[in-house]
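Structure first, then comments.
The values are calculated or read from the model by the stated rules, or taken from the named source; none is laboratory data. A quick note: this is a predicted structure, and the numbers were derived from the prediction, not measured. FYI the Cβ positions are ideal-geometry reconstructions off the backbone, even for glycines, and counts take in every protein chain you see. Side chains included, ligands, DNA and RNA excluded: accessible areas come from the protein's heavy atoms. Shrake-Rupley method; radii C 1.70, N 1.55, O 1.52, S 1.80 Å.
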Amino acid sequence: MPWYQLDSPYDPKLEELAKQYNLHPLHLEDARSEEESVKVDSGARYTFAVLKPVYLKTDPDAPTEKMPTFSTIDLFAGKDFLITIVDPTCPSTDAALERARREGADDHPARLLYLILDTIVDRYFSAIDHYDDRIDQLEDAVFDSPTPEILGQIFAIKRELIDLRRVLVNTRDACLHLQRDPNSIIDPEHQLYIRDTYDHVVRLLDSVETQRDLLNNTLDIYLTSVSNRTNEVMKVLTVLGTIALPAIAISGIYGMNLKGLPFEESPHGALFVGFATITCTALLLFVLRRMKWL
Amino acid sequence: MPWYQLDSPYDPKLEELAKQYNLHPLHLEDARSEEESVKVDSGARYTFAVLKPVYLKTDPDAPTEKMPTFSTIDLFAGKDFLITIVDPTCPSTDAALERARREGADDHPARLLYLILDTIVDRYFSAIDHYDDRIDQLEDAVFDSPTPEILGQIFAIKRELIDLRRVLVNTRDACLHLQRDPNSIIDPEHQLYIRDTYDHVVRLLDSVETQRDLLNNTLDIYLTSVSNRTNEVMKVLTVLGTIALPAIAISGIYGMNLKGLPFEESPHGALFVGFATITCTALLLFVLRRMKWL
Amino acid sequence: MPWYQLDSPYDPKLEELAKQYNLHPLHLEDARSEEESVKVDSGARYTFAVLKPVYLKTDPDAPTEKMPTFSTIDLFAGKDFLITIVDPTCPSTDAALERARREGADDHPARLLYLILDTIVDRYFSAIDHYDDRIDQLEDAVFDSPTPEILGQIFAIKRELIDLRRVLVNTRDACLHLQRDPNSIIDPEHQLYIRDTYDHVVRLLDSVETQRDLLNNTLDIYLTSVSNRTNEVMKVLTVLGTIALPAIAISGIYGMNLKGLPFEESPHGALFVGFATITCTALLLFVLRRMKWL
Amino acid sequence: MPWYQLDSPYDPKLEELAKQYNLHPLHLEDARSEEESVKVDSGARYTFAVLKPVYLKTDPDAPTEKMPTFSTIDLFAGKDFLITIVDPTCPSTDAALERARREGADDHPARLLYLILDTIVDRYFSAIDHYDDRIDQLEDAVFDSPTPEILGQIFAIKRELIDLRRVLVNTRDACLHLQRDPNSIIDPEHQLYIRDTYDHVVRLLDSVETQRDLLNNTLDIYLTSVSNRTNEVMKVLTVLGTIALPAIAISGIYGMNLKGLPFEESPHGALFVGFATITCTALLLFVLRRMKWL
Amino acid sequence: MPWYQLDSPYDPKLEELAKQYNLHPLHLEDARSEEESVKVDSGARYTFAVLKPVYLKTDPDAPTEKMPTFSTIDLFAGKDFLITIVDPTCPSTDAALERARREGADDHPARLLYLILDTIVDRYFSAIDHYDDRIDQLEDAVFDSPTPEILGQIFAIKRELIDLRRVLVNTRDACLHLQRDPNSIIDPEHQLYIRDTYDHVVRLLDSVETQRDLLNNTLDIYLTSVSNRTNEVMKVLTVLGTIALPAIAISGIYGMNLKGLPFEESPHGALFVGFATITCTALLLFVLRRMKWL
């Protein structure tokens, strides 16, 4: 059985194959579109699939950080042929094709399609692990010191999870389609395998939902931490004001050019007044704390 | 096959056509309504469709900005006739009719209807791109400086996305209706094409949901930025208060008309007291920072 | 065909009709209940319907304001009779009965029921327009000056929309029931008309959802405006503190009864010290602005 | 037909009846469980039902307040017997049994079961009215003066509504089950009656949802009121600061032991300086108000 | 009937059994996976189940606290054999196996599977009770004194409930599968028992939802408490400012080196001025309270 592997949907070879195997123009258009999303479409002669393998790529903004990135595989799987259009630089695509060649070479296309799909889905788990680690780090960090940088990272992961979720939802629907569509290339023998892959995708989606919940928790922690700190700062300010108040008021009173103030003429006036000030301050702090205002 | 093209639902020609082709009074009423929404209704003799092409119009409030705007197309597609009522000033309508004429002129109305619908749906992608750009700009802006103007823009886009979403949901339901209703003008040959258009609308709706999520993120960033800034301002105020406190208290004390204060008679009193003040301030700041209150 | 019109469910005539036409006791109980909600119930002999026409009533608290208010119509529509129990003071009910008499007098009860239902649903659009206007006004007002009165109005409209939504959801279910229940009085000829009314109710519900979204936006704007203003007031307070700080500290220092302060004996001391104070203030403001703290 | 009425599921009589009528051990276990929830389970020989009548009980914490409380009824309704296990202290249970005895004594168990269920559901309306009153009071109170006590009451009602909603959802499912399960004791004649009860439960659930919405509104009002008050307090603080600033700065300046201050030697110096201070203050307040900062 | 009990999925015995009973490689892979979730999969020859018993384990961070922890049981239940792979250190697993041996030893595998599943589900109730207690404690604590530690505990429980909910949702689906899948080992006699277990799981899930609602309430209480306290602190600060203001302003005025101040030369000047200051302060506090600003 021939397996044609192309590196680009603009390869002129694709036009020849399209004529030979009667590929539908809408599928060719999809393969060439920039913004194609994961899908499976089964016709009478073949099953067309778009898959999105994920791989960890070094983040150009932070060279020590890895970042989940998507590439694209287009598959045309007929009863007696297989055409794959892949991005040759993606290591997950490499792994999928390599496993398909090793475990399924002598087999029919249904097995090849399953092997490629299953490897791609397996790789999503590493993306989920990556986010688990990052969310754990953020949660620890946000309790210690809520900074705007952490906030930026929370929203960045939220954005990335939106994308990942979209890919997973479409992959889940694609697995469902492969199981249920009577035209699908997947034969009864491989139904159970596809169902297993489907279960994995459902579990992945479940994890993404959990991670979104956790991120929202982290955001709530951030917000309450900021509120708490504002509250703390307010209290410090109030304590400072409370300490200052008697000193300022009493020293102001004794600074007046008036007559008749007690201790005015006493040689130890400063001592007496100083003592009175300290007593006032202590009393004020005690009252505020007693009334649970501080 | 005759194709009647009218520029207004009040054209007297429409009354004649209504009699000739037995158009239902409820459909005429819909075509003339100001607030009609996207819908498809199939009867025994023809399919009636209301579509809402989108186009980018210069915003009257900000001449350098473009703003997605909707116009209306009403279609009566029978087996042997087509009536279109369009807004002649809308460029997307123009493009749709022009493509229908070019690619479908010799064809039956099902193909014409598909071509018009598909062109209109394609144009929605440019509206989505427009919002993607604006949301990206807002997200950058909100991290730098959260101003009420940005807030106003976030809520304006939210409002526009509510409208866009409503049009897309109705268009999705219309595509579904065209595929499933046995009375629909769409024949089996064009089912696959309409399904492709349906997939596009679903992807568009998915993008709108993502954009609403992103806008909510942006709003959260705004709110946390404001909280953060309030917190920052509070800290500045507290630092200022902390710096001022010893100076004010000590200078107040030495301003009192009392006897018995140390260094009162010393010729370098100001120096000693100044030094004491600075030491107190430094100590206070150090304690506050040590206690993680600032 | 007899059409009995009663003004109250306690009219003794109703008891007679109940015996004559075999009305179910549960339906009589519903008609007499204070809290009946919109519903349709079809039995073998007749269709029972409770409808809630809306009309704009002068608000007793604010005589210049109109307020959407609901009244009740109970209908018993059999194959050869029609009983209506209405509130005679409601103008929407009047309009519905008048149109039914004009357009449907010689007709069978299905047409009468449709005409009454359709007129009632048409009147809901004016309630929606009323809320559109009020929400627009609130949105403008909340950007200019967020006051507790506006907040009160936002929550009042939210409460009214909850009621309107409940009536519309029940009306939608009633329309569905009239289309699908094989016992329903509505014959195939009027199915299309009821479906048109159903479409109108769905669009109305869609508008209510949009208005709830818009109200939530308005509430978010209110909350962020209050946060923003708190932030602004904090900044003003901090600027005042910053301006006062050097003046207070320096004047405090020169108010001390100590020796050794510079310029103490200079005849232009006040000038020099004043100049120093202004310089300190300017420097402090410059530093704070530079550090983006203000 | 025998009707056995027990006051406790631990009554030894129940064991005898279980043997005589072949009651399922799982149903006995349910009847004896502390945490049983509303359910209906129909077997070949009888229908088992757990119901939760509600009654208003004096709140032990606040003797003037009534509080909705649930008791439990277990029913075994066979074709030729009825067993009820009730809490004899609950007035709603009393009312339900009394009505069943009065209106259904000579009847078959389906009617008895309906009468008991209908009376119990009718009593839920009084619980809903109770919450309507309390929510109205809270809404008025929260606008006037948002105190932590009101907050505590809002969350207490939220918690009670969660419980009520759970009972109502289970009662709704029980009604559905009684209508649809072919094994159910309810015969076609009573289907319409159960459907009427089902409609009442659906309306009750609708009211609970509305009340939860209203409570969330009240909570939002509380939060915005607190924000508003913080804002108000901040403004008062800022106005006080603004009024104090010129007095403190100018009096500080004239308190300095320096030469060269204007009016220093004038006999009406205090008057001139006092006038200057008041002018500064007025100017400052005017500028702040003009800039919309206060 | 043989019952093989293994302590580890890596036991070489499992390989032998896999060959003997034709176990599917995907099930073996699942049993060996680290992250397997609760599931049931029925083939022609046997039913494969993964269950997650819960037990209370001493929290290593807080030795006086218990913490719900999950272990894993893998079951292969054929018509004439049972294989269980369990964690021997889990007390809930012990209890489940012990009860199966006691009540079901002579029975067929369907009963054993039911007994194990039912015991495991019963144990979840103790986890729910554990959370009920902790949430009650937190709710009381948060009203008294909202501290960041309480916040940390709220979010920790939220995280644990997310995990528990996931296990319960999967267990519910597994129960459904056991009832409905025609391949399932569960025979009609045990359907009712499994339905009873299913009802328990649904009630548990209901409790988890209620607890999540209650935790969100607790979080809201926390946030409003912090807002309230900020508000309180602000008021204290403002009262302090109000008390200080006249003292500082008037003492500043009398500290000026100017002539023409009233009482300047009076021997009881201090008395008069002190009295004026106290009057001003009282008046100011009275006005602020009257205007409802404090």
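Residues of the range E:244-271 that are touching a Ser or Thr at 6+ places or on another chain (Cβ under 6 Å) and β-branched (Val, Ile, Thr): E:250, E:253. When the range E:267-276 is filtered for residues that are more than 13 Å from residue A:256 (Cα to Cα) and touching a helix residue (DSSP H, G or I) at 6+ places or on another chain (Cβ under 9 Å), only E:276 remains. Condition check: surrounded by fewer than 18 Cβ atoms within 10 Å (Cβ to Cβ) and touching a residue at least 40 places away in the same chain (Cβ under 8 Å). Does residue E:125 satisfy that? Taking the combined requirement at face value, the residue satisfies it. For residue A:218, indicate whether it is in contact (Cβ under 8 Å) with a residue 40 or more places away in the chain, assigned to a helix (DSSP H, G or I), under 26 Å from residue A:98 (Cβ atoms) and open to solvent by less than 40 Å² (accessible area, probe 1.4 Å). No. The condition (being more than 9 Å from chain B (Cβ to nearest Cβ), farther than 30 Å from residue A:40 by Cα and hydrophobic (A, V, I, L, M, F, W, C)) is satisfied by just one residue among A:271, A:284: A:284.
Of all residue pairs spaced 6 or more apart or on separate chains, those with beta-carbon atoms under 6 Å, a first member in the range D:265-279 that is of a type outside the set (Val, Ile, Thr) and a second member that is open to solvent by less than 30 Å² (accessible area, probe 1.4 Å) are D:269/E:258; D:270/E:258; D:270/E:261.
Here is a yes/no grid of residues against (1) surrounded by fewer than 21 Cβ atoms within 10 Å (Cβ to Cβ); (2) at pLDDT 85 or above; (3) more than 7 Å from every other protein chain (Cβ to nearest Cβ); (4) touching a strand residue (DSSP E or B) at 6+ places or on another chain (Cβ under 9 Å):
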| site | (1), (2), (3), (4) |
| --- | --- |
| C:234 | no, no, no, no |
| C:240 | yes, no, no, no |
| C:243 | yes, no, yes, no |
| C:254 | no, no, no, no |
| C:257 | yes, no, no, no |
| C:260 | yes, no, no, no |
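Residue B:175 fulfils the conditions (1) more than 14 Å from chain C (Cβ to nearest Cβ); (2) surrounded by fewer than 22 Cβ atoms within 10 Å (Cβ to Cβ) except for a single criterion, (2). Figure legend. Inter-residue proximity from the range E:25-45: first residues within 11 Å of chain A (Cβ to nearest Cβ), second residues crowded, with 16+ Cβ neighbours inside 10 Å and of a type in the set (Phe, Trp, Tyr), beta-carbon distance below 7 Å, spacing 6+ or different chains. Indicated pairs: E:27/E:48; E:41/E:48.
Can you tell me which residue in the range A:34-59 is surrounded by the fewest Cβ atoms within 10 Å (Cβ to Cβ), limited to those that are assigned to a loop (DSSP other than H, G, I, E, B) and under 26 Å from the mean Cα position of the chain (by Cα)? Only one residue fits best here, namely A:34.
Screening the candidates E:94, E:87, E:118 for the property of being closer than 17 Å to residue E:172 by Cα and surrounded by fewer than 23 Cβ atoms within 10 Å (Cβ to Cβ) yields one hit, E:118. Among the residues of the range B:1-14, the one identified as closer than 21 Å to residue C:192 by Cβ and either acidic (Asp, Glu) or not in a loop (DSSP other than H, G, I, E, B) (or both) is B:14. So residue D:166 passes all but one of these: (1) closer than 14 Å to residue D:215 by Cα; (2) within 11 Å of another protein chain (Cβ to nearest Cβ); (3) touching a residue at least 60 places away in the same chain (Cβ under 8 Å); (4) not acidic (Asp, Glu). Which condition number does it fail? Failed condition: (1).
The set of residues from the range E:98-115 being open to solvent by 60 Å² or more (accessible area, probe 1.4 Å) and either part of a loop (DSSP other than H, G, I, E, B) or at pLDDT 95 or above (or both) comprises E:105, E:106, E:108. Just one of (1) farther than 30 Å from residue D:132 by Cβ; (2) free of Cβ contacts under 8 Å to residues at least 12 places away in the same chain; (3) within 8 Å of chain C (Cβ to nearest Cβ); (4) open to solvent by less than 30 Å² (accessible area, probe 1.4 Å) fails for residue D:224. It is (1).
In the range B:178-221, of all residues being among the hydrophobic types (A, V, I, L, M, F, W, C) and closer than 19 Å to residue B:104 by Cβ, the one that is nearest to the other protein chains (Cβ to nearest Cβ) corresponds to B:192.
Among the residues of the range D:178-214, just one is open to solvent by 50 Å² or more (accessible area, probe 1.4 Å) and touching a His at 6+ places or on another chain (Cβ under 9 Å), namely D:192. Under the condition of being open to solvent by less than 40 Å² (accessible area, probe 1.4 Å), within 12 Å of another protein chain (Cβ to nearest Cβ) and assigned to a helix (DSSP H, G or I), the residues counted in the range B:139-155 number 7. Suppose the filter is at pLDDT 90 or above, in a helix (DSSP H, G or I) and farther than 22 Å from residue C:220 by Cα; does residue D:204 pass it? Yes; evaluated as a whole, the condition is true for this residue.
Take the conditions farther than 30 Å from residue E:225 by Cβ and open to solvent by 50 Å² or more (accessible area, probe 1.4 Å) and apply them to residue D:166. Does it pass? For residue D:166, the condition - farther than 30 Å from residue E:225 by Cβ and open to solvent by 50 Å² or more (accessible area, probe 1.4 Å) - is not met. Taking the range B:60-84 as the search range and keeping residues that are more than 21 Å from residue B:168 (Cα to Cα) and outside any strand (DSSP E or B), which one is least open to solvent (accessible area, probe 1.4 Å)? Filtering the range B:60-84 for residues that are more than 21 Å from residue B:168 (Cα to Cα) and outside any strand (DSSP E or B), the one least open to solvent (accessible area, probe 1.4 Å) comes out as B:81.
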